[in-house]
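These notes concern the structure reproduced below.
The values are calculated or read from the model by the stated rules, or taken from the named source; none is laboratory data. On a predicted model such as this, the values are computed, not experimentally measured, just so you know. Please note: Cβ atoms are built from the backbone with ideal geometry, for glycine as well, and neighbour counts cover all protein chains shown. For accessibility, only protein heavy atoms count, side chains too; no ligands or nucleic acids. Shrake-Rupley method; radii C 1.70, N 1.55, O 1.52, S 1.80 Å.
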Amino acid sequence: MAAKNSERISNGGIHGPTNPMVTPLLNDLYQFTMAYAYWKAGKHQERAVFDLYFRKNPFGGEYTVFSGLEECVRFIANFKLTEDEIDFVRQSLTTTCEEAFLDYLRGLDCSDVEVYAIPEGSVVFPKIPLLRVEGPVAVVQLLETPFVNLINFASLVSTNAARHRKVAGKSKTLLEFGLRRAQGPDGGVGASKYCYIGGFDATSNVAAGKLFGIPLRGTHSHAFVSSYMSLDEITDKSLRRKDGSSTCEDFVSVLLNGVFGETNQSELAAFTSYALAFPDNFLALVDTYDVMRSGIPNFCAVALALGDLGYKAVGIRLDSGDLAYLSCQARKFFCSIEKEFGVPGFGKLIITASNDLNEETLDALNKQGHEVDAFGIGTYLVTCYAQAALGVVFKLVSIPCKKRSYRLYGKEGYPLVDIMTGENEPSPKVGERILCRHPFQESKRAYVVPQHVEELLRCYWPGKSGKKRETLPPLEEIRERCINQLEQMRPDHMRKLNPTPYKVSVSAKLYDFIHFLWLNEAPVGELQ
C-alpha cells in the first residue's frame, strides 16, 4: 500500500485509494463486457440503483462492523481510466470492439453517481443496505467488484477485532501483531487499520503506523536474546540518569546479578543491552530459556538497576507455555520484589501475552484466571481464520424498490430493530406505533413504538443531485463510533454463545410490494 495514488487526480480534495492498485482495472472482466453490451444497446446512460449488503453475520455471531467506506469514496472521487488502461480494456474485449466505446470510456467518471451509505464503524446487520449506489448503469456496474472487494475484508476483520475485544474485556490492551502472517502486504496493512477500528489499541506494523497514525508497539524477539553469549559483548555500558544529573559509566556493575539465583547469562546480556538502548521502554521477552528460573529474575535484575537511575521498566512478554499459570507466577514475583526492595508499582508491571492467540484462547484464559494485561494477537485475527469471507453482494434493484433504512431504539436506549421502508413512505416517528414485518415470514411481525429513530443511510457522494456530502471522518472518530455502537447493543445480541438474533424488518407497504413482485415474476408450474 501507499499513502495515496499520485497518478490519480484528486477530486474535491479527496485523495485516491490508499492502495495504488485500486484502479478501474481492479475489476472482473464481465463488468467491462456488460458495460460494452449496455453501450452497444444504447442502455449505458439508463439510471439504475444497486444495493450492497450481506446475507449472514460472520463467525457465528449476530453483528457485523461496517468498514471500508472511506476507500470506496476515495475510489469514486478519483475514478478515471488512463489511456494505457483503456488500451488494455480494448485488447481484453472482443476484436470487434468499436472505437466509439473507447471514447466513451475516456470521458467516464463518477460525477453522475450518487452513493448513500451507513457511516463507517457502525454495527450493521444482514439484508440492510450498507451502500445504495445510483447512476448510469454502465458506470455503476464498473463499481461493483471494487466496492465489494474494499468492503468485504475490511468489515470482516473489523468484526473479528471487535469480537476479540469483547472477549478480552475493556480493561485489557490489545495489540495487532499479524503482519508477517497476513495475506500479503495489502492484507497486512488493511488488517492493521481495520483491527484498530474494531477496538485494538496498537499495531506492530510500522507502515500502518505511518499511513494511518495508529500507535505502534513492539520490543524484541527470541533471536535478539539468542544473539548474545555474555555480558562482555556489551561495549558501551554507560547510561545517563533519567533526570540527566549524572552518568553511570558501568550499568552492568549496578545489576543485582546472582541475587535471584543462577540464571542464563546470555539472556541477561541481551536484556541489559536492550535496556541500555531503550531505558524508558524496557519490555523483555522472558521465555527464550526458562521463564521463572531465568527470564523473570534476569528481567527484574535489569529493571531494578534501571530504577536506581530513575527509569521505570514497562514489563514482560510471554510467548509460550501455560500463559495463565506463568502470568500469575510472574505477578507474584513482581509483588514480592516490590515488597522486598521497596519499589512502588513494581507489582503492577505490564504482563503481555502472545503466541497464536484467538477468541477461544482468550475465553479459556478468562475462565482459568490470569494476570495478563495486554494480548498480542496475530494469525487468527488478521487472516480471519475462522471465516474466509463476509459474503457481500451488490444487487440491482428497480427504481420502485429504492429503500430507506432506519434504526428504532427502545425505552432502555438499546436498538430494537432495523426497518426498511419504501423511499416515499413517511419516516418512522418517535412515539408513533409502526408495524415491523419479517421480510419473508408472514407470521413474524411486531408493533414498535420507538423512543429514538436514526436514519441509517447518508449521502457520501451526491453526484449531480445537489445534496450535501457527508465529510469523511478521521480514523479515530470511526474507531470511537465502533466502540460506542458496540456498547449500545443489548448484551444478549453480543454474547459469544447462542447470541439472540437482531431483528431486521420491512414496513407493511414494502412487504406487500416485495411479495407482489415475487408472485408476479415467479413462473407458475403446470401438472399433467
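Here are a few things to note about the model shown:
- Of the residues making up segment 132-152, those that are assigned to a strand (DSSP E or B) and surrounded by 24 or more Cβ atoms within 10 Å (Cβ to Cβ) are Val133, Gly135.
- Any hit, segment 249-266, residues being within 38 Å of the chain's Cα centre (by Cα), surrounded by fewer than 19 Cβ atoms within 10 Å (Cβ to Cβ) and assigned to a helix (DSSP H, G or I): no
- Picking from residues in segment 468-487 that are assigned to a loop (DSSP other than H, G, I, E, B) and in contact with an Asp or Glu (Cβ under 8 Å, 6 or more places away or on another chain), the one that is nearest to His15 (Cα to Cα) is Leu472.
- Scanning segment 277-325 for residues that are closer than 18 Å to Ile377 by Cα and either open to solvent by 20 Å² or more (accessible area, probe 1.4 Å) or among the aliphatic types (A, V, I, L, M) (or both) yields a count of 13.
- Residue in segment 29-82 that is nearest to Glu114 (Cα to Cα), counting only those that are buried (at least 18 other Cβ atoms within 10 Å of the Cβ) and among the basic types (Lys, Arg): Arg74
- Residue check for Ile76: modelled with pLDDT of 95 or more, of a type in the set (Val, Ile, Thr) and under 28 Å from Glu470 (Cα atoms): yes
- Cβ pairs under 6 Å, 6+ apart, first in segment 176-196 and under 19 Å from Leu357 (Cβ atoms) and in contact (Cβ under 8 Å) with a residue 24 or more places away in the chain, second of a type in the set (A, V, I, L, M, F, W, C) and not in a helix (DSSP H, G or I): Glu176/Phe200; Gly188/Ala182; Ala191/Ala182; Tyr196/Ile214
- Residue match in segment 106-125 (condition: out of contact with any strand residue (DSSP E or B) (no Cβ under 6 Å at 6 or more places or on another chain), open to solvent by 10 Å² or more (accessible area, probe 1.4 Å), assigned to a helix (DSSP H, G or I) and without any contact (Cβ under 8 Å) to a residue 40 or more places away in the chain): yes
- His452 vs. criteria in contact with a strand residue (DSSP E or B) (Cβ under 8 Å, 6 or more places away or on another chain) and over 16 Å from Tyr116 (Cβ atoms): yes
- Among the residues of segment 407-425, the ones that are more than 26 Å from the chain's Cα centre (by Cα), surrounded by 10 or more Cβ atoms within 10 Å (Cβ to Cβ), outside any strand (DSSP E or B) and not small (Gly, Ala, Ser) come to 3 in all.
- Residue within segment 216-239 that is part of a loop (DSSP other than H, G, I, E, B) and within 23 Å of Glu480 (Cβ to Cβ) present: yes
- Residues located in segment 68-105, provided they are among the polar types (S, T, N, Q), farther than 18 Å from Trp39 by Cα and either touching a strand residue (DSSP E or B) at 6+ places or on another chain (Cβ under 9 Å) or outside any loop (DSSP other than H, G, I, E, B) (or both): Asn78
- The single residue among Thr500, Thr471 that is of a type in the set (S, T, N, Q) and either surrounded by fewer than 12 Cβ atoms within 10 Å (Cβ to Cβ) or at positive phi (or both) turns out to be Thr471.
- Within the set Lys242, Lys170, Lys166, the sole residue that is assigned to a helix (DSSP H, G or I) and open to solvent by 50 Å² or more (accessible area, probe 1.4 Å) turns out to be Lys166.
- The criterion of at least 1 residues that are outside the structural domain of Ser427 (by TED's automatic domain parsing) and among the basic types (Lys, Arg) is met by the following helices (runs of 4 or more DSSP H) wholly inside segment 289-406: 323-341, 359-368.
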